[in-house]
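Student: Structure in structure tokens, see below.
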Amino acid sequence: MHIRILRYDPDRDAKPYFKDYDVALDASDRMLLDALVKVKAMDDSFAFRRSCREGVCGSDAMTINGKNGLACITKLADLKGPVELRPLPGLPVIRDLIVDMTQFFKQYHSIRPYLVNDEPPPEKERRQSPEDREALDGLYECILCACCSTACPSFWWNPDKFVGPAGLLQAYRFIADSRDQATNERLDNLEDPYRLFRCHSIMNCVDVCPKGLNPTRAIGKIKALMVKRSV
Amino acid sequence: MGLAVRQFDAVVVGAGGAGLRASLQLAEAGLKVAVLSKVFPTRSHTVAAQGGIGAALGNMGPDSWQWHMYDTIKGSDWLGDQDAIEFLCREAPKVVIELEHFGLPFDRNDNGTIYQRPFGGHMQNMGAGPAVQRSCCAADRTGHAMLHTLYQRNVRANTQFFVEWMALDLIRDASGQVLGVTALEMETGEVSILQARATLFATGGAGRIFAASTNAFINTGDGLGMAARAGIPLEDLEFYQFHPTGVYGAGVLITEAVRGEGGYLLNKGGERFMERYAPTAKDLASRDVVSRAMATEIKEGRGAGPDADYLLLKLDHLGPEVIEKRLPGIREIAKKFANVDPVRDPIPVVPTAHYQMGGIPTNYHGEVVVPGRDGPNNVVPGFYAAGECACASVHGANRLGTNSLTDLVVFGKASGDSMIRFLQENPGHQTLPADAAERSMARLARLDGQKGGESVYEVGNELRRTMQAHCGVFRFPDLLAEGVKKIRAVSERVARTGIADKSQVFNTARVEALELDNLIEVARATMVSADARKESRGAHDRADCHDRPGFPNGRDDQNWLKHTLWYKDGDRLEYKPVNLKPLTVETIPPKARAY
């Protein structure tokens, strides 16, 4: 298989360049990550992140033939060659496919990503009905891979001001939690021309999410709550 | 020395479940704590745990921590220390309730309590049965939900993280006290000394010593390697768990919760073969029992598929609603990695290397203990370990499903509390020895200076192939003896590895070479300890130690009811007694184990 990778090492390279690799695949190589491990065996200077190799840790997000995804759950059989790989767009490149995710996590942290409930905790669990728990499905499963936020034009233009789809999905995860008491503060935190309202429902986030989640829908629900409390 | 020295009250190495539970304890106590992780915390391998966390909440029917304790001791094949196991099972309900208060999105019963499912080896009535529902879960993504919740809680507590920093070596002074670690910042290639008054290793397992493993790439036994190089022995590493259901060919984990929810295994003839091996518990026997049964079916020609080398995990009879509600992640994995939709077709599975029962020896406070003046368990001042890298020992010779997450949270928290006490009693930093960073700098200098040299990729593969072929589900005396020779030869090659990439910026080739230094210590310890233990117990099953009168399933309590301690120096082995005395209840005496 022929793979072209956008390479850049600030220690050595004046600017990024494409490097081509021909990888001999075995029958046991199913996913793009398997091929990347082979590339690394040929050329140990090729740098990328990876860990769980099953789509739950969110390490190996990259742009694969123009679309963001996880290498470990992208089937080789589904890829048209030559396969072109680039680092996630919109974030500074540290080296090769490794991007600096500081801005992405700063936005995640900005939404207070933890349950707020100031009542003294009961001796046993806080009760939650199965229906209330179901409201968290499609929200809590986010793996923070950044495929969505780095596919979003609004995040590209204002990564410092727009929370981005990943952060907003998690903001709604806590708003939707029947145990959380900070809905008003969470809405205040997002009531801003940039933080929430830069989302123009382009839906790139939904298109690329490797876990099949829908940040646009969650953002729509936050917007609806904003409207509801203003009337 | 010329290296930057940063001082902290406490350093936590590893940001999985155990590390994050400990750091939360420390940060909320107002201490200055640094958490180092090779990966962003939510990428730690706890994220991949699926089926649940074990705790006798009794939400589904009668249960008690004493029953949980009995099951854990029986599961451990009596090698677990009964004081630590009592502590684990008594604390489990408290830490699970805490996780719920932290926001973990547990599944719920109609009355709003946490939903619990059955799991292998968890029974009612002191092992008599029937199965008990003890596993508290968030669908089949419990580890993900737990890791994110703990990270979130640490964000709230303002814990200081050093993300993509790799700890290199443990720093000890002449008295043996631990004073912190040396560490490499991957992005810049710079090495620093992180000096701490208390140091916790929560570095996880070393599943990457095997060719076919459910484990992540990062699971390279870094804490064990660092401890071994610093003269700390490693305990009971011959006990390595093979999970019954890894996806055939890919190794990806399929949770035991599939069988907990009612799925079962079939051989090529469509026979539900576990009925023959474990008449009572059947598919919910403990993992060592099920993995051996599967390996026997394959060995005797009853495997499925063109090469008769896998078995089938059937769950379509649960119906699409149950699968979608309780096992959605499994459906996703089966479709991606096995090309089957379990709503219709069974999943091809094989026993796959999964979990290391042994580790850095600790007591149930998370304090690292080594043989010395006062017997086999002298506390190493300033040094703690928790989670898969530690051996308390609660899992003994075989871990029960769901007890790994319980272990992380119970002992993560207990370690944090122990560290807080130690810090209160021991104010002020000790003086760093002049050679504090010498070992790490020598390792890096060798890699930087090495021209040519052995390929990290190839030597690593040879290590994994050797472990897979010589130290698997069934162990044979001749293969083990040969395996010891082979793994020592691999060890010599590891000392000669070279990397072409000499860049300072995010040099992952260097990281992989440094990881191989850790993997080889774990691999050698595992092989040497396995070769030496002349009995079958739990996950360690020797072909020359069969079931015979006085030796149930080949177990030899007369000679081998003891913990192994492996020292790197000369592959030396020592042994120490198992603690059969619980904290407050009666000893559960060894007996034959059947499910």
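Student: So which trypsin sites (Lys or Arg not before Pro) in the stretch B:386-485 are both in a DSSP loop and have at most 14 other Cβ atoms within 10 Å of their Cβ? Could the numbers behind the result be given before it?
Tutor: Working: sites: B:ARG399, B:LYS413, B:ARG421, B:ARG439, B:ARG443, B:ARG446, B:LYS451, B:ARG464, B:ARG465, B:ARG475, B:LYS485; in loops: B:ARG399, B:LYS451.
Here the trypsin sites (Lys or Arg not before Pro) that fit, given the DSSP loop and packing criteria, are B:LYS451.
Student: State whether the stretch B:268-346 is rounded, prolate or oblate according to the following rule on the C-alpha gyration tensor (a ≥ b ≥ c being the square roots of its eigenvalues): a/c under 1.5 gives rounded; otherwise a/b larger than b/c gives prolate, and the remaining case gives oblate. Kindly include the intermediate steps, with their values, before the conclusion.
Tutor: Details: a/c = 2.18, a/b = 1.43, b/c = 1.53.
It comes out oblate by the Cα gyration axes.
Student: Suppose R0 equals 51 Å; then what is the FRET efficiency for B:LEU580 and B:LYS299 from their Cβ-Cβ distance, rounded to the nearest 0.05? Present the calculation step by step, with values, prior to reporting the outcome.
Tutor: On the way: r = 35 Å, r/R0 = 0.68.
Step by step, r from the Cβ atoms, then E = 0.90.
Student: Taking neighbour counts of Cβ atoms within 10 Å as a proxy for exposure, in what order, fewest first, do A:LEU136, A:LEU168 appear? Present the calculation step by step, with values, prior to reporting the outcome.
Tutor: Working: A:LEU136 21, A:LEU168 28.
Lowest count first: A:LEU136, A:LEU168.
Student: Name the trypsin sites (Lys or Arg not before Pro) in the stretch A:1-71 that are in a loop by DSSP and that have at most 14 other C-beta atoms within 10 Å, would you? Write out the running numbers ahead of the final one.
Tutor: Values: sites: A:ARG4, A:ARG7, A:ARG12, A:LYS19, A:ARG30, A:LYS38, A:LYS40, A:ARG49, A:ARG50, A:ARG53, A:LYS67; in loops: A:ARG12, A:ARG30, A:ARG49, A:ARG50, A:ARG53.
Within the stretch A:1-71, the qualifying trypsin sites (Lys or Arg not before Pro) (loop, at most 14 other Cβ atoms within 10 Å) are A:ARG12.
Student: Using helices alone, I'd like the mean residue ellipticity at 222 nm for chain B: each DSSP H run of four-plus residues gives -39500 (n - 2.57), total over residue count, nearest 500.
Tutor: On the way: 16 runs with 199 residues, N = 595.
For chain B, the value works out to -10500 deg cm²/dmol.
Student: In degrees between 0 and 90, to the nearest 10, how far off the longest principal axis of chain A does helix A:215-230 point, with axes built from Cα atoms?
Tutor: Tilt relative to chain A: about 20 degrees.
Student: Hey, with R₀ at 35 Å, roughly what FRET efficiency would A:ASP160 and B:ALA500 work out to, going by the Cβ-Cβ distance, to 0.05? Please list the in-between numbers first.
Tutor: Working: r = 38 Å, r/R0 = 1.09.
According to the calculation, E is roughly 0.40.
Student: Along Cα→Cβ, 7 Å out, is where each label goes; now give me the distance between the ones at B:GLU492 and B:GLU425 in nm to one decimal.
Tutor: Simple spin-label model gives 4.7 nm for this pair.
Student: Over the protein assembly as shown, what per residue volume does the convex hull of the Cα atoms give, in whole Å³? Walk me through the numbers on the way to the answer.
Tutor: On the way: hull volume 129.2 nm³, N = 826.
So the per-residue Cα hull volume is 156 Å³.
Student: Follow-up. What share of the DSSP beta bridges in chain B is antiparallel, in percent to the nearest 5? If you can, show how the numbers build up before the last one.
Tutor: Working: 50 of 76 bridges.
For chain B, the DSSP antiparallel bridge percentage is about 65.
Student: Let me ask another. Going by the alpha-carbon gyration tensor, a ≥ b ≥ c the square roots of its eigenvalues, is the stretch B:521-595 rounded (a/c under 1.5) or, if a/c is not under 1.5, prolate (a/b greater than b/c) versus oblate? Kindly include the intermediate steps, with their values, before the conclusion.
Tutor: Details: a/c = 2.48, a/b = 1.30, b/c = 1.91.
It comes out oblate by the Cα gyration axes.
Student: Then there's this: Apply 1/(1 + (r/R0)^6) to the Cβ-Cβ distance of A:ALA27 and B:ASP547, taking R0 = 41 Å, and write down the FRET efficiency to the nearest 0.05.
Tutor: 0.55
Student: In degrees from 0 to 90, rounded to the nearest 10, what is the angle of the helix A:164-175 Cα long axis to the longest principal axis of chain A?
Tutor: For A:164-175 against chain A, the angle is about 30 degrees.
Any read-out appearing in this document is the output of simple, stated calculations on the displayed coordinates, not a laboratory observation. Please read all numbers here as calculations on a predicted model, not as lab measurements. Note: ideal-geometry Cβ built from the backbone for every residue, glycine included; neighbour counts use all protein chains shown.
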